[in-house]
Each structure stands twice: as structure tokens, then as C-alpha cells.
Amino acid sequence: MSAKIIDGKAFSATVRAKVAGHVARLKAEHGITPGLAVVLVGEDPASQVYVRSKGKMTVEVGMKSVEHKLDVETSEADLLALIKTLNADASIHGILVQLPLPDHLNEDLVINSIDPAKDVDGFHISNVGLLATGQKAMVPCTPLGCLMMLRDHHGSLSGLNAVVVGRSNIVGKPMAQLLLRDSCTVTIAHSRTKDIQDLCRGADILVAAVGRAQMITGDWVKPGATVIDVGINRIDAPEKGEGKTRLVGDVDFASASAVAGAITPVPGGVGPMTIACLLANTVTACCRANNIAEPEGLTA
Ligand code: NDP
């Protein structure tokens, strides 16, 4: 069997087009421009790339983009003061603090200082609780993107066996909550899980969020299963020349795609959906803040 490739790049373009349509309507019918503020502390090169591309795509869909680039030595008090100002700014509907933060800053304290209604990353403790109790929440972008692709591929997810490998707060746990909400039977696996390979082989939906290059091979995959590969790992690629590298997922694409029914590639799968969902969350937050009906299909 050769799996259907779930094209996250193409799907993310349709999500961004939908977001752009709603932004245009918010402007034309309500005179409101959704605004997203991104806060970056320090000069981590990967974070700088993410922030740049978030800003570019925010502007492309017609939203206001504000970037705050702070010195790596910024004090916690100064960062909290900036977030307080953004919380009070009516032109800003979404606030994202780029993680990881430098060691001297308390990530939980900083994230929990964001107004939950503007917490477009969905990491605030209130949003975590709302999601866990099945209430209206801001949903973390990466799992939301995975859910959108799964719903698009399967239609209903009800009754399917899902295994999520990874239990992080930003991917594994919220992914499991979302699948549970869609009536999957969900198992979360992690580094201490026994017989993990057998467990994965029972999954109709297998989500890999581990951070270990190509760990999940074809013999972990149930024939016909849908495999969502969240992992982003850089490995040496001597075939491209000396010192060259390439990106791979947590899934060994070659062997898994020979067994799976559908699979997301890396790159071009989950990654592009994450930024699209950040934009979707900002529009959703803007609608909620202004008591305007939310766009359909852009949240969980
Ligand atoms: P974390 O490191 O926070 O969590 C990794 C999880 O994997 C942990 O729960 C850990 O278990 C589990 N794990 C580690 N080794 C094993 C193993 N051998 N067997 C089973 N489980 C294992 O990572 P994140 O959740 O933040 O990210 C996961 C991956 O997704 C990374 O590659 C990251 O780069 C990528 N990512 C991609 C995004 C995108 O937009 N595409 C966004 C966010 C992340 P334990 O808890 O027991 O230690």
C-alpha cells in the first residue's frame, strides 16, 4: 500500500484564505482589524525565523502585526509590564510570547499573565482547563492544525482508536484532549510506556510528537492507519554534500508510508498548519472580543 499524502502546505493555504476572507469581512462590516502581537525575548535564530514568518503571514491575511523584540537581558518585571499593556490594548486581539524564554524568566508566570481571551497559543492555564472540560477555549495551534487535517481526511473521528506519542503540554496533551472531544478512544504514550510498538500498531490514528528523528517505523503502523507526524528534527544529509542537513519527522516516512493509509510529510505537513491556526485563533479571538459570530471550521 502507498499512503495518501496529507498536504499540509496546500491545506494551510486554504485555511489562510478563509482567515483572509473573515478579516476582510470584519473590516468591511464592523470596521475592525484583527491584531496579533508577537513578543520575542533574545536572539535565538530559530525563534527569529518563526517570528519573521508569523509577522509576514499575519500581514498577508490583512491583519495588524506588531512585533516586540526585547533584549535577552530583559527583566521579568519589564516583560510582564509589556504584556499588561498589550492586554489593555483594544487593537490587539492575540498575544503570543515566543518560547522558549531565556532561563531567568518564569515561563508559566509569563504565559499566565496573558489575558486568556488573547492567548492565541492556548497555553494559559484557563484555556488548558477549558479545553480539558470541553468548554470553549483558545486551542493550541499545532494540535488544532492536526485536528483540522484529521477531520478533513476522515470526516467523523468518532470511535477511532488514537494513539498520541508524547505528553508535552504544547502538543501531546492538548492533541489527546481534542481527539477525545471528537470521540476517539485515546491512549497517550511516552518515554516510560511499555510495549509502545504494539500499542501504536493498534491505532487507527497515530500522532507522533516525540522529537526523535524517524523513531516510528512502518512496523509500528497499522495497515491503513492515518499517521500525523508533528516532529521536526534536523539530521545530517551527506547525500546533499558535506556538512549539509535536512529536516525529518519523528516518523520514518519511507517505511511508514508503505503501510499507512494516509500520512503527513515533514516538511510540508503539520508545520505550515501551525502558523495558519495561529492566524485562525487570532480571528476567533477578535470575533469573541467583539461579540461577532465566529467563523466556522477555524476552531475545534
Ligand atoms: P517535548 O520534548 O516537550 O515532549 C516529547 C515527548 O516525547 C515527551 O512526552 C516524552 O516522554 C516523549 N518521548 C521522548 N522519547 C520517547 C520515546 N523514546 N518513546 C516514547 N516517547 C518518548 O516535545 P514537544 O511536544 O514540544 O515536541 C515534539 C516534537 O514536535 C519535536 O520534534 C518538536 O520540534 C515538534 N514540534 C513541531 C511543531 C510544528 O509546528 N510542527 C510545533 C511544536 C513541536 P516523557 O514525557 O516521558 O519524557
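Which order do HIS22, HIS93, HIS30 fall in if you start with the one that has the fewest other Cβ atoms within 10 Å? Walk me through the intermediate numbers first.
Details: HIS22 23, HIS93 29, HIS30 12.
The fewest-first ordering by Cβ neighbours comes to HIS30, HIS22, HIS93.
Proximity of backbone amide H atoms, modeled 1.01 Å from N, is registered between VAL97 and VAL39 at under 5 Å, excluding neighbours fewer than 5 places apart on the same chain. Across region 201-212, computed HN-Hα scalar couplings (Karplus, 6.51 cos²θ - 1.76 cosθ + 1.60, θ = phi - 60°) run 5, x, 8, 6, 10, 10, 10, 9, 9, 10, x, 10 Hz from first to last residue, x flagging Gly and Pro. Comparing ARG192, ARG16, ARG167 in a Gaussian network model of the chain, where Cα atoms under 10 Å apart are tied by springs, the biggest mean-square fluctuation is seen for ARG192.
Its Kirkwood hydrodynamic radius, worked out from the mean inverse distance over all distinct Cα pairs, puts region 30-116 at 13.4 Å. Applied to region 45-60, the Karplus parametrisation 6.51 cos²θ - 1.76 cosθ + 1.60 on θ = phi - 60° returns per-residue 3J(HN,Hα) values of x, 5, 5, 4, 5, 4, 5, 4, 6, 4, x, 4, 6, 4, 5, 4 Hz, with x for Gly and Pro. With a cut-off of 13 Å between beta carbons, the residues surrounding VAL128 carry a summed charge of -2, where Lys and Arg count +1 and Asp and Glu -1.
Near LEU99, within a Cβ-to-Cβ distance under 9 Å, what is the net charge of the other residues, with Lys and Arg +1 and Asp and Glu -1?
Numbers: positive: none; negative: GLU107, ASP121.
Net charge around LEU99: -2.
Taking Cα atoms only, the orientation of helix 172-181 departs from the longest principal axis of the chain by about 90 degrees.
Taking GluC sites (Glu not before Pro) as exposed when their DSSP state is a loop state and no more than 14 other Cβ atoms lie within 10 Å, the longest site-free interval of the chain runs over 74-241. Close amide H contacts of LYS64 (hydrogens built in the peptide plane, cut-off under 5 Å, sequence separation of 5 or more or a different chain): GLY35, LEU36.
Cross-link pairs exceeding 20 Å between alpha carbons, from the set LYS54/LYS84; LYS18/LYS54; LYS64/LYS118; LYS54/LYS118: LYS54/LYS84. Each principal axis of the Cα cloud of region 141-272 was taken in turn, and the coordinate range along them, longest first, works out to 48, 30, 27 Å.
In order along region 9-14, the phi-based Karplus estimate (6.51 cos²θ - 1.76 cosθ + 1.60, θ = phi - 60°) of 3J(HN,Hα) comes to 5, 5, 5, 5, 5, 5 Hz; Gly and Pro are listed as x. Placing one equal scatterer on every Cα of the chain and applying the Debye formula, the log10 ratio I(q)/I(0) at q = 0.09 Å⁻¹ is -0.45.
Take the Cα radius of gyration of region 218-285 and divide it by 2.2 N^0.38 Å, N being the number of residues; the result is 1.37.
If you take every residue apart from ALA20 with its C-beta less than 11 Å away from the C-beta of ALA20, what net charge results, scoring Lys and Arg +1 and Asp and Glu -1? Walk me through the intermediate numbers first.
Working: positive: ARG16, LYS18, ARG25, LYS27; negative: GLU60.
Result for the local shell: +3.
For the chain, the dipole from Cβ point charges (+1 on Lys and Arg, -1 on Asp and Glu) about the Cα centre works out to 760 debye, to the nearest 20.
Bear in mind that the values in this text are calculations on the coordinates, not laboratory data. Remember, predicted model here, so these are calculated numbers, not experimental data. Cβ: placed from backbone, ideal geometry, glycine included. Neighbour counts: every protein chain shown.
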